[in-house]
Amino acid sequence: MKTTDTPPSGASGPSSGSGTAKVPAQRTGKAPKGSSAPAKSSEGHVLNVFSHGVLILWAIMVVLPLFWAVMSSFKTDSDIFNTPWSLPSSLNFDAWGRAWSQAHMSEYFLNTILVVGGSLTGTLVLGSMAAYVLARFEFPGNRFIYFLFVGGMSFPIMLALVPLFFVMDNMGLLNTIHGLILVYIAYSLPFTVFFLTSFFRTLPTSVAEASIIDGASHTRTFFQVMLPMAKPGLISVGIFNFLGQWNQYMLPTVLNTDPEKRVLAQGLVELASSQGYKGDYSGLFAGLVIAMLPVLAAYIIFQRQVVSGLTAGALK
């Protein structure tokens with residue numbers, strides 16, 4: 001219900017022959033509009049400068065070690081010790097050749113590609129199927145199974161190393177590529193199911209219902225309709241799993257002791273420890289950069305998909 005202000009006594013409305021009566025302005029305790037704007041503007045400016053300063057400092061802390069490692073991989077050992085912060089006088093690829101061939105980084109790189117490629121594929125396929133069922137279908141035990149996956153994220157992997165070793169040994173999967181792939185899949189499934197379950201809940205139900213009405217089975221609906229719609233979420237969780245599996249060191253150290261089937265993380269440790277007093281630091285930096293390049297390339301290529309996948313649920 002709208003209300004109007006009543007003019008004070010003696011100030012009547014406009015009458016014939018007389019001008020308009022002026023209504024005195026009411027006094028209020030509020031400050032005029034715009035009086036607090038300078039204070040808010042200065043506070044926002046200070047906060048903006050502080051946040052940008054923190055981001056710049058963080059960027060320097062992250063980029064500088066990476067740049068120094070790449071720069072040192074093109075130097076000789078004497079240049080690394082004499083002029084550690086200077087740019088290399090020339091691009092020396094001898095260290096890259098020694099790391100790739102003599103340090104067997106090529107073999108470790110191939111083993112890592114096989115393990116991470118197989119485990120990442122299996123993790124995304126199995127994780128997306130489980131997450132779709134948990135997000136779209138109601139059945140007894142749905143929430144219990146979901147919380148089992150969530151609980152798997154909080155279980156320390158160190159507590160499972162000893163029983164996992166004996167289980168793998170009894171199954172004949174120790175020191176095998178496919179055994180390590182299965183362990184990586186089991187290790188990555190809890191986070192994948194947790195992430196994709198929330199993502200599938202944001203997708204429109206009407207699309208799946210329309211495909212079912214048109215005669216598509218649940219399997220066809222999932223693979224041809226819902227899975228393409230979940231592409232941003234799959235890319236996001238795929239990048240996180242790729243980073244974790246590519247840099248994994250504890251699991252292959254315990255379950256993969258065969259020198260011919262080592263992965264890159266094991267190869268870098270072997271390269272650092274096998275030098276002894278020789279001190280091939282340029283070769284060590286070259287091996288480090290070789291192991292680091294695929295991770296940087298994957299993130300640079302898919303950074304927009306990662307951001308869109310992480311914000312899709314919130315924007316929905």
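Annotations for the structure displayed:
- Restricting segment 210-234 to residues that are open to solvent by less than 50 Å² (accessible area, probe 1.4 Å) and in contact (Cβ under 8 Å) with a residue 24 or more places away in the chain, the residue that is nearest to Ala291 (Cα to Cα): Leu234
- Residue within segment 235-248 that is more than 21 Å from Thr121 (Cβ to Cβ) and crowded, with 19+ Cβ neighbours inside 10 Å present: no
- The helices (runs of 4 or more DSSP H) located wholly in segment 126-207 that include 1 or more residues which are of a type in the set (Gly, Ala, Ser) and surrounded by 13 or more Cβ atoms within 10 Å (Cβ to Cβ) occupy 142-153, 177-202.
- Unique residue being modelled with pLDDT of 90 or more, among the small types (Gly, Ala, Ser) and more than 17 Å from the chain's Cα centre (by Cα) when the list is Ala208, Ala186: Ala186
- Condition check for Leu268: open to solvent by 50 Å² or more (accessible area, probe 1.4 Å) and hydrophobic (A, V, I, L, M, F, W, C): no
- Residue within segment 123-138 that is among the β-branched types (Val, Ile, Thr), at pLDDT 95 or above and under 30 Å from Gly287 (Cβ atoms) present: yes
- Taking the criterion of being closer than 22 Å to Leu293 by Cβ and outside any helix (DSSP H, G or I), the residues of segment 236-272 that qualify are Asn247, Gln248, Tyr249, Arg262, Val263.
- Taking first residues from segment 57-86 that are under 22 Å from Gly97 (Cα atoms) and partners that are open to solvent by 50 Å² or more (accessible area, probe 1.4 Å) and in a helix (DSSP H, G or I), the Cβ contacts under 6 Å between residues at least 6 apart in sequence or on separate chains come to Ala69/Leu288; Asp77/Tyr281; Ile80/Tyr281.
- Of the residues His104, His45, the single one that is on the phi > 0 side of the Ramachandran plot and open to solvent by 70 Å² or more (accessible area, probe 1.4 Å) is His104.
- Taking residues in segment 131-151 that are without any contact (Cβ under 8 Å) to a residue 24 or more places away in the chain, and partners anywhere that are open to solvent by less than 20 Å² (accessible area, probe 1.4 Å) and in a helix (DSSP H, G or I), the pairs with Cβ atoms closer than 7 Å and at least 6 places apart or on different chains are Asn142/Leu134; Ile145/Leu134.
- Flag for Ser119 being of a type outside the set (Asp, Glu), under 19 Å from Ala272 (Cβ atoms), in contact with a helix residue (DSSP H, G or I) (Cβ under 7 Å, 6 or more places away or on another chain) and in contact (Cβ under 8 Å) with a residue 40 or more places away in the chain: no
- Residues in segment 271-297 that are open to solvent by less than 20 Å² (accessible area, probe 1.4 Å) and closer than 15 Å to Val116 by Cα: Ala291 only.
The values are calculated or read from the model by the stated rules, or taken from the named source; none is laboratory data. Keep in mind it's a predicted model, so treat the numbers as computed, not measured. For neighbour counting, all protein chains shown are included, and Cβ atoms are generated from backbone atoms with ideal geometry for every residue, glycine included. With ligands, DNA and RNA removed, areas are computed over all heavy atoms of the protein, side chains included. Shrake-Rupley method; radii C 1.70, N 1.55, O 1.52, S 1.80 Å.
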